[in-house]
Amino acid sequence: MAFCQDGPISWVAVARSLVLDPDLILFDEPTTGLDPIVGHHVNELIRNLNRHAAVTILVVTHDLHTAFYLASRIAMLNERQNCRIRFTGSAQEIS
């Protein structure tokens, strides 16, 4: 809840959605515009939510650090080909 007023994520909305026991939560650019320290805290909260709430998390991001830190699977899109999926796999397979 600490980032509810300062960051792009409404933690109140996340908490409200957890009451419904969802199978999936979508985060769209959760660290955009945040300084690195706050961005890391947001990533930690998302990671802990995934582990402790046993919910699938889908994160849309341009931030490769966030993608590699959070993802067990990554899909990369190619804008030049009408946003078609260019790659899917683990972070280890990309690097």
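Read-outs: derived from the displayed coordinates by stated rules, not from any lab. Here the structure is a predicted model, which means the values were calculated and not measured. Reconstructed Cβ throughout: ideal geometry from the backbone, glycine too, with neighbour counts over all protein chains shown.
What to note about this one:
- Relative protection proxy for 48-55, 29-36, from highest mean packing down: 29-36, 48-55 (other beta-carbon atoms within 10 angstrom).
- If the Kirkwood radius is taken over C-alpha pairs of the chain, then at 20 °C and 1.002 mPa s the Stokes-Einstein diffusion coefficient equals 150 µm²/s.
- Rounded to whole Hz, the Karplus (6.51, -1.76, 1.60) HN-Hα couplings of the range 42-51, x for glycine and proline: 4, 4, 4, 5, 5, 4, 5, 4, 4, 6
- Taking Cβ atoms as reference points and 12 Å as the exclusive limit, the residues near PHE27 contribute a net charge of -2, counting Lys and Arg as +1 and Asp and Glu as -1.
- Counting 0.36 nm for each residue step from GLU29 to ARG51 and taking away their Cα separation leaves a gain of 5.9 nm.
- Nitroxide proxy distance, nm - points 7 Å out along Cα→Cβ at LEU58 and ALA15: 2.6 nm
- Added length on full extension, which subtracts the Cα-Cα distance from 0.36 nm per residue, MET76 to ILE94: 5.5 nm
- Positive-end ranking of PRO30, VAL59, VAL12 along the dipole of the chain, with charges on Cβ about the Cα centre, is headed by VAL59.
- Highest to lowest packing among 62-72, 16-26, scored as the average C-beta count within 10 Å: 62-72, 16-26
- The chain: calculated mean residue ellipticity at 222 nm from DSSP helix runs of at least 4, using -39500 (n - 2.57): -11000 deg cm²/dmol
- Point-charge dipole on Cβ atoms (K/R +1, D/E -1) for the chain, about Cα centre, debye to 20: 280 debye
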